[in-house]
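See below for the structure under consideration.
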Amino acid sequence: MEFLNHINTPKEIKTEKEARLMAPLVLAYVGDAVFEVFVRNYLVLERNVSVKVLHKSATRYVKAKAQSIIVHALEKELTEEEWTMVKRGRNQKSATVPKNADLTDYRYATGFETLLGYLFYIGKTERLMEIMTKAMIIINNDSPSGRDTSVKEKGSDE
């Protein structure tokens, strides 16, 4: 995912102190976008399917429940600083909650996205990639087959 190295130029990378001063929901906003692009790229490279199928597959990884599972699975692997960012995001009051999300899951998902945004802004690209790669493994291992069985390959009946 070399593209991440080119999105955030060294001039735009913030110090850890500057990033900690950013609003957690702003960090989550960017973290959500970074993770979405990561997931989409992963799925496009994994198999040749229609955009409709790609979109349905992506929701498996980016929905609040999945991100809550991810952040809990990673908790012991996160540094104290990283877990602090998760908690800051988790504790933010959002104006809305998606209709299909449990409030606790939604808050932990916001915490996960806050962490990703924070790592992005401080330029810790390797750590960001490591966490996102582990996130994919966690969700893949969460399904019985290790693969999204709710979608069909291109060429099969949709």
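The values are calculated or read from the model by the stated rules, or taken from the named source; none is laboratory data. None of the values given here were measured: they were computed from a predicted structure. Backbone-built Cβ (ideal geometry, glycine too); neighbour counts: all protein chains shown. Heads up: the accessible areas ignore ligands, DNA and RNA and are worked out on the full protein's heavy atoms, side chains in. Shrake-Rupley method; radii C 1.70, N 1.55, O 1.52, S 1.80 Å.
Descriptive notes on the structure:
- Selection status of Ile138, at pLDDT 95 or above, among the hydrophobic types (A, V, I, L, M, F, W, C) and under 17 Å from Ala28 (Cβ atoms): no
- For the criterion of being under 15 Å from the mean Cα position of the chain (by Cα) and farther than 24 Å from Asn140 by Cβ, Met85 passes.
- Inside the stretch 8-22, residues that are open to solvent by 90 Å² or more (accessible area, probe 1.4 Å) and at pLDDT below 90 make up a count of 3.
- Boolean, Tyr29 is touching a residue at least 12 places away in the same chain (Cβ under 8 Å) and within 12 Å of the chain's Cα centre (by Cα): yes
- Residue pairs whose Cβ atoms lie under 8 Å apart, sitting 6 or more positions apart in sequence or on different chains, and linking a residue in the stretch 64-77 that is farther than 11 Å from Ala135 by Cα to a partner that is of a type in the set (Phe, Trp, Tyr), are Ala64/Tyr106; Ala64/Tyr108; Glu75/Trp83.
- Residue in the stretch 23-34 that is closer than 20 Å to Asp142 by Cα and open to solvent by less than 50 Å² (accessible area, probe 1.4 Å) present: no
- Among helices (runs of 4 or more DSSP H) entirely within the stretch 27-133, having at least 3 residues that are at pLDDT 95 or above, hydrophobic (A, V, I, L, M, F, W, C) and under 29 Å from Glu12 (Cβ atoms) singles out 64-74, 80-90, 103-121.
- Of all residues in the stretch 45-64, those satisfying the criterion of being surrounded by 18 or more Cβ atoms within 10 Å (Cβ to Cβ) and not aliphatic (A, V, I, L, M) are Ser57, Arg60, Tyr61, Lys63.
- Ala109 being in contact (Cβ under 8 Å) with a residue 60 or more places away in the chain and not charged (D, E, K, R): no
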